[in-house]
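The values are calculated or read from the model by the stated rules, or taken from the named source; none is laboratory data. Just so it is clear, the model here is predicted, and its values are computed rather than measured. Heads up, the Cβs are rebuilt from the backbone with ideal geometry, glycines too, and the neighbour counts pull from every protein chain shown.
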């Protein structure tokens, strides 16, 4: 699905098993874009220790954590939602319920070409997540695609 | 390029070498504008070089306003973005991703936006987004 709203263009990354203790590229960024929002949903319970954050890995440039690491997510359940507020120093926000803030700290995160990686520590167990991202192209032809 | 998104009108300033000076990069004319975003890109890496932005209004009695604190861009790599939060007390930042504006925007009166570099080293390109507040207000890239 790729429609435009005031949030920009929507990119969905379907349900995916979370790999343990690794940086996993979830989205590819081509050109420069402004991330207007990003939410995740647990589609499988993390039944073992799991700490997570998001990183921007540019093709050329400096790797940046676009949020700080979450608390341990072991107690999260299927259906819980996850987000971040756009302030890099603030942790990934996990609502152990059905509501979560989205981008309350900034108006967006500018990201250059590369990948957006879900950086996970811990055994993770059977955790699965699905993610949705919204963006506005900043340079002509810029776009974001989900990595299967 | 000047297309409209939810950010407003986009103005690109092509890559230029940094001068050891205060240099006008953008000119605001015709009235007040709301700057909704300002992002740069490192096109030539620099050595030690503290950089920042300020607004210098045309109004005779008004003084300059710093739009951000200084950042030494020395560690920034080719391709890195440069960003400001819109809060004057916040320093410019760099990296493969940067926060863009923790405020809705910065209101600027007629005048110029100036890039201040402490050294004639490195180069950057910049993109700015704005919404006119007064009828006919515009922002254009300026080259010395």
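Could we say that residue A:108 is touching a strand residue (DSSP E or B) at 6+ places or on another chain (Cβ under 6 Å), under 21 Å from residue A:12 (Cα atoms) and at pLDDT below 95 here? Steps first, please.
Working: touching a strand residue (DSSP E or B) at 6+ places or on another chain (Cβ under 6 Å): yes; under 21 Å from residue A:12 (Cα atoms): yes; at pLDDT below 95: yes.
It is true that residue A:108 is touching a strand residue (DSSP E or B) at 6+ places or on another chain (Cβ under 6 Å), under 21 Å from residue A:12 (Cα atoms) and at pLDDT below 95.
A quick yes/no check of all residues on (1) part of a strand (DSSP E or B); (2) under 28 Å from residue A:135 (Cα atoms):
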position: B:26; (1), (2): yes, yes
position: B:31; (1), (2): no, no
position: B:38; (1), (2): yes, yes
position: B:41; (1), (2): yes, yes
position: B:47; (1), (2): no, no
position: B:55; (1), (2): yes, no
position: B:60; (1), (2): no, no
position: B:63; (1), (2): no, no
position: B:75; (1), (2): no, yes
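What strands (runs of 3 or more DSSP E) lie completely within the range A:1-104 and have 2 or more residues being surrounded by 20 or more Cβ atoms within 10 Å (Cβ to Cβ) and within 13 Å of chain B (Cβ to nearest Cβ)? It would help to see each step written out before you state the result.
Values: elements: A:8-17, A:22-30, A:33-44, A:51-58, A:81-83, A:93-95.
So the answer is A:22-30, A:33-44, A:51-58.
In the range B:99-121, which residue that is within 14 Å of chain A (Cβ to nearest Cβ) and not in a strand (DSSP E or B) is surrounded by the fewest Cβ atoms within 10 Å (Cβ to Cβ)? Walk me through how you get there before you give the answer.
Taking the range B:99-121 as the starting set, the residues that turn out to be within 14 Å of chain A (Cβ to nearest Cβ) are B:99-106.
In the following step, the residues that additionally are not in a strand (DSSP E or B) were identified as B:100-105.
Details: B:100: 28, B:101: 25, B:102: 17, B:103: 13, B:104: 11, B:105: 19.
Once the filter is applied, the top-ranked residue is B:104.
Just give me the residues in the range B:15-27 being buried (at least 17 other Cβ atoms within 10 Å of the Cβ) and more than 12 Å from the chain's Cα centre (by Cα), in sequence order.
Passing the criteria: B:16, B:18.
Return the total of residues in the range B:33-54 being away from every other protein chain (no Cβ under 14 Å), more than 27 Å from residue A:137 (Cβ to Cβ) and surrounded by 15 or more Cβ atoms within 10 Å (Cβ to Cβ).
The first filter runs over the range B:33-54 and keeps only residues away from every other protein chain (no Cβ under 14 Å), leaving B:33, B:47-54.
Now narrow it down to the ones that are more than 27 Å from residue A:137 (Cβ to Cβ): B:47-50, B:52, B:54.
Imposing the further condition that a residue be surrounded by 15 or more Cβ atoms within 10 Å (Cβ to Cβ) reduces the set to B:49-50, B:52, B:54.
Result for the range B:33-54: 4.
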